[in-house]
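Written below as structure tokens is the structure these notes are about.
Please treat every number below as a calculation from the coordinates, not as lab data. The model shown is predicted, which means the values in this text are computed figures rather than measured ones. Cβ: placed from backbone, ideal geometry, glycine included. Neighbour counts: every protein chain shown.
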Amino acid sequence: MPLKSWSDTIMIAELSDEPMFSEDMDALVDRIDEIRHNGDDGVPHVIVEFTNVASVNSSNLGSLLRLRKLLESCDRRLLICGVGDTIWSAMIATGLDRIFSFASDVTTALAEIQLGIGPGSGVEATEG
């Protein structure tokens, strides 16, 4: 999984389809947990890019929930972007569309984090 530190406070994970998805998510969760154990101040916000992911299973969704919980415990955000129709349908069917924060693409996700807008930030984006 390409895991990029975009800045000191933002990490971008470009996920792939199974079987790599599960391995990539486990590695990402382990990396964030390792950073957290070295001090909460170093834990970055995480953007997970789904552009190359065609489908998800219950294990994948469980990994995303673990990551979200880990980040929230450090007062950090998880944004999911590049979600296709199949994955969006799975999110809606499971009710996870109301749990996770989504952005259309990485650029939008970066802007939301840097500007401190969107769900979970305390400031909601407004329609223009």
The extension gain from residue 31 to residue 115, computed as 0.36 nm times the residue separation minus the Cα-Cα distance, is 27.7 nm
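Per-residue counts of other Cβ atoms within 10 Å, averaged by peptide: what ranking do you get for 20-28, 82-90, highest first?
Result, highest mean first: 20-28, 82-90.
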Mind checking the full-extension length gain between residue 9 and residue 69? Use 0.36 nm per residue of separation minus the Cα-Cα distance, one decimal, nm. 19.8 nm
Hey, can you grab everything whose amide H is under 5 Å from the amide H of residue 47? Only 5+ residues off in sequence or another chain; H modelled, so Pro and N-termini drop out. 11, 12, 13, 79
How compact is region 1-81 by the rule of thumb for globular proteins, expressed as Cα Rg over 2.2 N^0.38 Å? 1.01
Hey, for a label at residue 99 modelled as a point 7 Å past Cα toward Cβ, could you say which residues of region 31-63 have their backbone N under 13 Å away? 57-63
